[in-house]
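Beneath this line is the structure, given in structure tokens, with notes to follow.
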Amino acid sequence: MPNMKTIIEARELSKNYGDVQAVNNVDLTVRKGALFGLLGPNGSGKTTMIKMLTGQTLPTGGTATVLGVDAQTDPVGVRRQVGIIPEQEIPPSFLTAQEYLAFVAAVRNIPDIETKAEWWFEFLDFADKKQVLCKDLSRGTRQKLMFTQAFIHEPELALIDEPLINFDPIMQDLVKDYLTDYVKKGNTIFISTHILEVAEEICSEFAILHKGRLLHTGPVAELTARDEHLPSFFLSLIRKGSHV
Amino acid sequence: MFELFACMLKEEWRVHSTMFGNLSFALFPIMIFGIAFMGSFLIPLMQVALPAGNLTLIIHANYLMLGIMVGGFGLLGSEAMNRRFGQASLLASSARSLPLSEQFIFLNFVVKDTVYYFFLWVFPFGFGYILASPFTGVSWASALLLLLTLTLSFLFGLCGVFFLSTIYARSHAALWLVLLTLGVAWAGLATITGTNPVLFFPPLLLNSTFSWVNLLVSCAVLILLFSIAIVLFNPESVGSAKIYKDSFSPLIARFPFMPHPSLTAKDIIDLYRSGSLIGQTIFSFLLPLVIIWFILSLLGPFYPPHGLLFIIAITTGVIASTMYTWITMFDSFGSYACLPVAVSTLITSKLTTFSFLQVLPCVFIAVVALLSGEAAFLIPAVVLAVSVSFYAVAVVVWLCGLSPTVLVYDVKVFFLFLVLVGIVLSVFTGLIFVNPYYALSSVVLAIPSWLLVQKAKRRWDSVDPAGF
């Protein structure tokens with residue numbers, strides 16, 4: 001896809017936490033319309049990558065540009081344009097689900113929030129919980145709420161850390177369909193996951209991160225053409241632990 | 001019991017030490033020791049102006065207040081563990097997956113807090129005083145006795161708040177009944193004996209005349225209060241199925257003139273629905289201040305005219321500045337990380353909510369001024385209290401950003417806070433003793449306060465947002 005607009009561009013992106021190198025010189029390009037999956041085992045640096053791309057944490061080295069905005073110098077600018085679902089769902093404790101969406105709308109200047117919120121309550125089937133305090137919601141319902149806040153302003157790009165982890169199978173199916181439809185409308189989605197079957201099913205491109213290093217990046221179709229499956233490719237690459 | 005207790009103790013240490021380094025945190029009790037050791041050499045000078053009994057009274061009051069503050073923080077009812085540890089999923093909450101009762105976990109939590117803060121605050125102070133005693137002419141026996149009675153004062157504050165807060169969590173009406181009973185008992189004691197009931201405070205009695213009976217009575221009262229609190233502790237969240245009507249939208253409409261109405265509205269809802277607005281006002285503001293007021297009133301003859309009101313105004317200002325922790329305890333920056341909000345924006349909104357809360361110190365000073373017949377000095381006293389409060393909170397914001405309750409245990413932070421606030425308090429204490437109306441000059445504190453907040457915003461925007 002050489003003519004597609006670049007949505008995310010990371011160059012030599014690194015992050016150290018003390019002596020631990022969480023992300024090490026990663027170069028990554030995500031183009032418009034991709035459903036991009038960042039894959040890797042636990043502790044491979046996926047969450048840190050998302051945090052750096054959304055300006056939640058400052059890189060130790062390198063640069064990251066998201067929708068043309070420098071994530072290091074203008075993190076709020078990046079977060080204004082994108083939708084984010086963090087690794088741990090953390091809506092404020094003492095607001096109800098409905099109030100939280102009103103809060104998000106006020107911060108993001110989203111008009112007509114009542115109608116939009118109602119649509120999401122129905123779509124994700126948690127209208128009966130909208131007046132319950134966030135702290136009293138189940139994990140699954142909190143994930144629904146966080147999913148809603150990430151998409152309610154219809155961002156051009158959404159970054160999601162483990163999108164399906166707290167959902168039941170019915171909800172997983174619904175969300176997978178929503179995500180694939182969303183990119184068909186010309187938007188871009190960047191997910192991080194270690195559920196390889198889901199990545200193979202919905203992603204158009206993927207990258208594999210291991211111990212902070214990028215081992216591979218390319219379209220899923222390339223694997224399909226070789227009659228290879230993402231889980232086996234992933235496992236062999238991780239076991240080798242080297243660049244392909 | 002011991003394994004859980006030891007792990008909780010280790011965890012508390014690591015929570016603090018990983019944030020600002022083992023050494024920096026370990027130096028904190030050493031600094032308290034140093035302050036007590038060096039302060040002991042000033043005792044002979046102080047005793048020229050202040051009789052020894054009154055000095056003892058002040059130190060005991062400070063430790064009682066310390067206990068109240070430690071106990072008040074995070075121990076308010078059913079949200080106790082949630083607030084303190086909530087999303088961090090530390091032992092206090094994760095131990096629930098073990099075959100242990102909630103009371104047992106909570107007992108460990110309380111004993112751990114008691115031991116931890118004893119070694120962090122109480123012991124270093126007492127030890128400094130003991131080590132200085134050969135040089136100050138104080139006998140070893142009375143230095144050791146002071147350590148014992150200060151410990152008891154601290155524990156009385158801790159378990160007193162603990163006791164009241166668990167009653168509050170069970171029934172608000174019961175709390176008012178207990179407070180009313182205590183008030184009646186206080187008034188009755190004062191009427192019958194003709195003495196200020198503060199002087200019957202068991203650790204003070206013990207300090208003035210040691211007896212094993214007094215010691216046993218003190219310990220028995222402590223054990224009784226602790227036991228009742230443990231038994232009454234109710235970890236169940238009563239609000240799990242509760243439906244709330246939308247308060248956010250009406251509230252946001254009321255604050256269009258605020259810099260960030262949505263963030264301020266959220267803070268107010270947090271305070272109200274968590275019970276903090278009432279709970280913290282009682283346990284972390286009114287209770288310590290009323291006790292201080294009673295104790296300082298005993299020292300009336302040693303102040304210049306009108307001095308008491310202004311000393312209370314300064315103290316109220318310092319305690320009112322801790323209201324910033326009431327607002328920042330509910331969330332870390334992590335709660336806002338998916339939104340287009342900068343740390344500096346949050347600081348502005350938290351300070352806006354803090355400004356709303358400043359009505360509490362104003363009302364308190366007004367009540368003190370009226371009850372003590374000093375209404376003529378109400379305005380300078382209120383100006384002084386509010387100026388001190390804003391200045392102290394500006395120092396806290398600069399030093400700690402959005403994590404005041406955690407970073408304050410960094411010895412560098414605490415030392416800088418003491419110096420920056422201490423100098424200002426000394427200057428204004430001197431000024432009001434010369435002329436009470438000089439208190440009005442404290443409005444100049446608005447300038448360093450504003451500068452500190454601007455500096456704080458730049459500082460905390462340029463570093464990785466703290467996840468605590």
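Taking the range A:57-90 as the range and being over 21 Å from A:Ser44 (Cα atoms) and within 7 Å of chain B (Cβ to nearest Cβ) as the test, the residues that pass are A:Val76, A:Arg79, A:Arg80, A:Ile90. Of all the listed residues (A:Gln149, A:Gln131, A:Gln143), the sole one being in contact (Cβ under 8 Å) with a residue 60 or more places away in the chain and closer than 22 Å to A:Thr96 by Cα is A:Gln149.
Of the listed requirements (1) in a helix (DSSP H, G or I); (2) closer than 17 Å to A:Leu101 by Cα; (3) without any contact (Cβ under 8 Å) to a residue 24 or more places away in the chain, B:Asp270 misses just one: (3). Restricting attention to the range B:429-468, the residues that are assigned to a helix (DSSP H, G or I) and farther than 28 Å from B:Pro305 by Cβ total 15. Within the range A:91-103, being within 7 Å of another protein chain (Cβ to nearest Cβ) and either in contact (Cβ under 8 Å) with a residue 24 or more places away in the chain or among the polar types (S, T, N, Q) (or both) holds for A:Pro92, A:Ser93, A:Phe94, A:Leu95, A:Thr96, A:Gln98. What about B:Thr328, is it farther than 30 Å from A:Val78 by Cβ and not aliphatic (A, V, I, L, M)? So B:Thr328 does not fit the description; no.
When the strands (runs of 3 or more DSSP E) confined to the range A:182-244 are screened for residues that are within 22 Å of A:Val82 (Cα to Cα) and hydroxyl-bearing (Ser, Thr, Tyr), those reaching at least 3 such residues are found at A:188-193. Restricting attention to the range B:414-431, the residues that are more than 25 Å from the chain's Cα centre (by Cα) and crowded, with 19+ Cβ neighbours inside 10 Å total 0. Take the conditions (1) surrounded by fewer than 15 Cβ atoms within 10 Å (Cβ to Cβ); (2) touching a residue at least 24 places away in the same chain (Cβ under 8 Å); (3) within 30 Å of A:Phe123 (Cα to Cα); A:Lys176 misses just one of them, which is (1). Looking at (1) buried (at least 19 other Cβ atoms within 10 Å of the Cβ); (2) more than 27 Å from B:Asp410 (Cα to Cα), find the lone condition where B:Tyr117 falls short. Failed condition: (2). Consider A:His153 against the criteria (1) farther than 25 Å from A:Arg108 by Cβ; (2) touching a helix residue (DSSP H, G or I) at 6+ places or on another chain (Cβ under 9 Å): it satisfies all of them except one. Which criterion is unmet? Going through the list (1) farther than 25 Å from A:Arg108 by Cβ; (2) touching a helix residue (DSSP H, G or I) at 6+ places or on another chain (Cβ under 9 Å), A:His153 breaks only (1).
Of the helices (runs of 4 or more DSSP H) entirely within the range B:182-265, those holding at least 1 residues that are within 30 Å of B:Asp331 (Cα to Cα) and within 14 Å of chain A (Cβ to nearest Cβ) occupy B:248-254. Going residue by residue through the range A:41-48, is there one that turns out to be under 15 Å from the mean Cα position of the chain (by Cα), under 16 Å from B:Phe333 (Cβ atoms) and within 10 Å of chain B (Cβ to nearest Cβ)? There is no residue in the range A:41-48 that is under 15 Å from the mean Cα position of the chain (by Cα), under 16 Å from B:Phe333 (Cβ atoms) and within 10 Å of chain B (Cβ to nearest Cβ). Just one residue in the set A:Glu162, A:Glu154 is surrounded by 19 or more Cβ atoms within 10 Å (Cβ to Cβ), away from chain B (no Cβ under 12 Å), over 25 Å from B:Arg273 (Cβ atoms) and not hydroxyl-bearing (Ser, Thr, Tyr); that residue is A:Glu162. Among all residues of the range B:307-329, there is none that is surrounded by fewer than 18 Cβ atoms within 10 Å (Cβ to Cβ), in contact (Cβ under 8 Å) with a residue 24 or more places away in the chain, within 14 Å of another protein chain (Cβ to nearest Cβ) and over 16 Å from the mean Cα position of the chain (by Cα). Here is a check on your reading of the model: is B:Tyr129 within 22 Å of the chain's Cα centre (by Cα) and either closer than 28 Å to B:Val290 by Cβ or surrounded by 14 or more Cβ atoms within 10 Å (Cβ to Cβ) (or both)? Here the answer is no, as B:Tyr129 does not meet what is asked.
Since every read-out is calculated from the coordinates, none of them should be taken as a lab result. Note that this is a predicted model, so its numbers are computed, not measured. Cβ sites come from the backbone with ideal geometry, for glycine too, and all protein chains shown count toward neighbours.
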